[in-house]
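Have a look at the structure below before the remarks.
Where a number appears in this text, it was derived from the coordinates with a stated rule and is not lab data. Here the structure is a predicted model, which means the values were calculated and not measured. Heads up, the Cβs are rebuilt from the backbone with ideal geometry, glycines too, and the neighbour counts pull from every protein chain shown.
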Amino acid sequence: MRDRYVVDTNVLIAASAADPTHPKDIDATPADPIQRMRVWQWLDAFQSSPSRIVLDLAGGIYDEYYKKLGFNDFGIQVVIHKWSTGAVDNVDVAYDEHRHGVLQPPLLAVIHDEADKKLVAAALDSHRQHGEGCIAFAGDTDWHDWEADLLASQVLLEPIIEDWSRQKHSEKQTR
């Protein structure tokens, strides 16, 4: 595991859906319970690790988490655990009038998903502040589209269920 992660919301959602103690009946990607369990296992390991979660000072990332999940959901509880143990790195993310993260060229032309822009901006500032900016994701295959451009900008990706996400990305490309 890396020292710090910007965690895509889909990781928290899939892990919450697979939580063996209190599973959440929510629409999560992937739908396959085995893949969801792999995401839960990663998030459970992340929670107990010394790895830090990267959040933005303006609260946009946490706001997105909380719009998708409730207080008692596993994903939110992991974030709260990281806060309570002082394992949060707060970074600066600028927002536009629509509350979308602001990116500069060349990534401005690359990242088309408005919700993901704040995650990229957080990873960029994490790299600037700490020498490492990594986004962990699970069910969203768009990250593979942007992989080369992100890496060129010093943003790393950690696909938690890489075999699954690369297969889904490949299927999407052939459509």
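Observations on the model:
- By the beta-carbon count within 10 Å of each Cβ, the least crowded to most crowded order of 118, 24, 172, fewest first, is 172, 24, 118.
- Distance distribution note for segment 128-175: the fraction of Cα pairs above 13 angstrom is 56%.
- Charge dipole of segment 4-174 about the Cα centre (unit charges at C-beta), most positive-ward option of 138, 105, 55: 55
- Contour excess over end-to-end distance, with Cα ends at residue 163 and residue 102 and 0.36 nm allotted per residue: 18.9 nm
- Alpha carbon Rg of the chain, scaled by the compact-globule rule 2.2 N^0.38 Å: 0.97
- The gain in end-to-end length when the residue 115 to residue 152 segment is fully stretched comes to 11.2 nm, 0.36 nm per residue minus the alpha carbon separation.
- Rounded to whole Å, sorted largest first: equivalent-ellipsoid semi-axes of segment 74-115, Cα gyration tensor: 28, 12, 10
- Residue of 55, 119, 151 that the Gaussian network model of the chain assigns the largest fluctuation, springs spanning Cα pairs under 10 Å: 151
- Amide N proximity, segment 52-71 versus residue 88 label position 7 Å along Cα-to-Cβ, cut-off under 13 Å: 53-66
- In plain terms, the chain from residue 31 to residue 142 could stretch by 38.2 nm, reckoned as 0.36 nm per residue minus the Cα-Cα distance.
- Cβ charges +1 (Lys, Arg) and -1 (Asp, Glu), total dipole of the chain, debye: 280 debye
- Compared with the rule-of-thumb size 2.2 N^0.38 Å for a compact globular protein, segment 20-120 has a Cα radius of gyration ratio of 1.19.
- Amide H contacts under 5 Å for residue 157, placed H, 5+ residues apart: 135
- Highest-MSF residue in the chain out of 13, 26, 61 [GNM, Cα springs under 10 Å]: 26
- Which listed pairs, of 67/117; 67/118; 24/172; 68/117; 24/118; 67/168, have C-alpha distances above 20 Å, in listed order: 24/172; 24/118; 67/168
- Most to least packed among 154-162, 92-100 [average Cβ atoms within 10 Å]: 154-162, 92-100
- Among 71, 137, 46, the ranking by other beta carbons within 10 Å of each residue's beta carbon, starting with the fewest, stands as 71, 46, 137.
- Across the chain, the mean sequence separation of Cα contacts (distance under 8 Å, 6 or more residues apart), normalised by length, yields a relative contact order of 26 percent.
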